[in-house]
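Okay, structure first, notes after.
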Amino acid sequence: MTLLPKKIKTAKVPPIKIQGIKTKLVPFIAQSISWDGNGTYYEPFMGSGVVGFNLAPQKAVFSDTNPYIIQFYQEVQSGKITGPIVREYLEREASKLANTPADKNSYYYEVRDRFNKFHSSLDFLFLQRSNFNGMIRFNGKGEYNVPFGRKPQRFQKSLITKIVNQVEWVSQLMKEKDWTFVCMPFTEAFKLMNENDFVYLDPPYIDRYDGYYDSWSEELALELAHLAQEGRASFCFSMWYENKYRKNYHLEYWKQGKLYTTNHFYHIGAKEKNRNSMIEALIVRDEHRTEFMNL
Ligand SMILES: C[S@@+](CC[C@H](N)C(=O)[O-])C[C@H]1O[C@@H](n2cnc3c(N)ncnc32)[C@H](O)[C@@H]1O
């Protein structure tokens, strides 16, 4: 049994970044949940994995419907991807990228085409770290279609070292833990959960632009609310609570647990006037299931 850390000052960032990454909310999540660690930690919408990697439970199942995220971590776990391999790959690809323009003739698009044919995890890492705004998006044919971030000099030595360290951090974590990475929809993950387990839920935000691997819908959001509340595992559900225009009506479907909120600032572009505030919510039901809330 391992207790999860209550205090995390600053979360560490994993190698695959994605939009909606919860790095800044990890300390808030850590202090809001309590779970005795007797069982399995589930993260069925793992995305970058930043939450689970920082909480570092002893036994965990990380899953997502994006097969490339899962493949990447399976390969880190099997040793197919290591720090030195990533360094060698990025150094080679960095100089090819640096010698091309920032427009549609960039080497980035060659890597993107190659990724769409062969689905190499290293190419996925390259794209995810040099694309536009860390977005992750696929077209109707399942092809990765995020444009270039327009910086041919993107992979400076310091960034390569940073990424290599991130790979080594997650690789070391996995060696010490009993972790599994599975490509599956959240509905399958719920079939595996038991009473002593804990699940962190961070689905795509309803009512907001969704550019992930699968499309998200109101129907799926309701199914998730149902499965979590009918299920036996403790849960922590992340969702936006309100912004300056409105409250999130979807939270009405979550009747169990305790509500925690925090103010989160994010920027669109560089200007101060584009600094927006959003209240983020966590709904936490611990193992006792005694508390009900009114939103
Ligand atoms: C908001 S992101 C998770 C972000 C993550 N917590 C982080 O901090 O990086 C939502 C994730 O859900 C995945 N997803 C979308 N639909 C899904 C489904 N039906 N089942 C499982 N995962 C799904 C997406 O691929 C995406 O990685």
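FYI, it's all coordinate maths here, none of it is from the lab. Here the structure is a predicted model, which is why all the values come from computation and not from measurement. Heads up, the Cβs are rebuilt from the backbone with ideal geometry, glycines too, and the neighbour counts pull from every protein chain shown.
Within 10 Å of each residue's Cβ, count the other Cβ atoms and sort 226, 264 from fewest upward.
Lowest count first: 226, 264.
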Check your understanding: Tell me, what ³J(HN,Hα) does each residue in segment 240-251 have, in order and in whole Hz, if you take phi through Karplus 6.51 cos²θ - 1.76 cosθ + 1.60 with θ = phi - 60° and put x for Gly and Pro?
Key -> 6, 9, 7, 10, 6, 9, 6, 8, 8, 5, 4, 4
Exercise for review: On each of the three principal axes of the Cα atoms of segment 146-207, give max minus min coordinate, whole Å, ordered largest first.
Suggested key: 49, 38, 16
Exercise for review: With everything on Cα atoms, drop me the angle between helix 107-118 and the longest principal axis of the chain, reported from 0 to 90° to the nearest 10.
Suggested key: 60
Revision key, fill the gap. If the label point sits 7 Å along Cα→Cβ of residue 243, residues of segment 10-28 with amide N under 15 Å come out as 20-21
Check your understanding: With θ set to phi - 60° and the Karplus curve 6.51 cos²θ - 1.76 cosθ + 1.60, what are the ³J(HN,Hα) couplings of segment 32-48 in order, to the nearest whole Hz, using x for Gly and Pro?
Key -> 8, 9, 9, 8, 7, x, 7, x, 10, 8, 10, 9, x, 10, 5, x, 6
Exercise for review: Please turn the phi angles of segment 156-168 into ³J(HN,Hα) values with the Karplus equation 6.51 cos²θ - 1.76 cosθ + 1.60 (θ = phi - 60°), one per residue in order, whole Hz, x for glycine and proline.
Suggested key: 6, 3, 5, 5, 4, 4, 4, 5, 4, 5, 5, 5, 5
Study note, to complete from the structure: Cα-only Rg/Rh for the chain with Kirkwood Rh rounds to 0.97
Practice item. Could you please state, rounded to a whole Å, how far the C-alpha centre of segment 11-30 is from the C-alpha centre of segment 143-158? Key: 21
Study note, to complete from the structure: Dividing the helical contributions, -39500 (n - 2.57) per DSSP H run of n ≥ 4, by the residues of the chain yields a 222 nm value, nearest 500 deg cm²/dmol, of -10500 deg cm²/dmol
Exercise for review: Give the angle, between 0 and 90 degrees and rounded to the nearest 10, that separates the Cα long axis of helix 218-230 from the longest principal axis of the Cα atoms of the chain.
Suggested key: 50
Exercise for review: For a quick protection proxy, order the peptides 74-82, 151-159 by their average other-Cβ count within 10 Å, most packed first.
Suggested key: 74-82, 151-159
Review point. In the P(r) worked out for segment 21-121, what percent of Cα pairs fall beyond 21 Å?
Key: 52
**Study point:** Burial ordering of 148, 198, fewest other beta-carbon atoms within 10 Å first
**Key:** 148, 198
Revision key, fill the gap. Simple SL model, points at 7 angstrom along Cα→Cβ for residue 102 and residue 153; separation in nm is 1.1
Check your understanding: How much net charge surrounds residue 160 when only other residues with a Cβ under 12 Å from its Cβ are counted (Lys, Arg +1; Asp, Glu -1)?
Key -> +3
Check your understanding: Rg to Rh ratio, segment 80-167, alpha-carbon atoms and Kirkwood radius?
Key -> 0.94
Check your understanding: Using a Gaussian network for the chain with springs between C-alpha atoms less than 10 Å apart, which of these wobbles most: 149, 49, 140?
Key -> 140
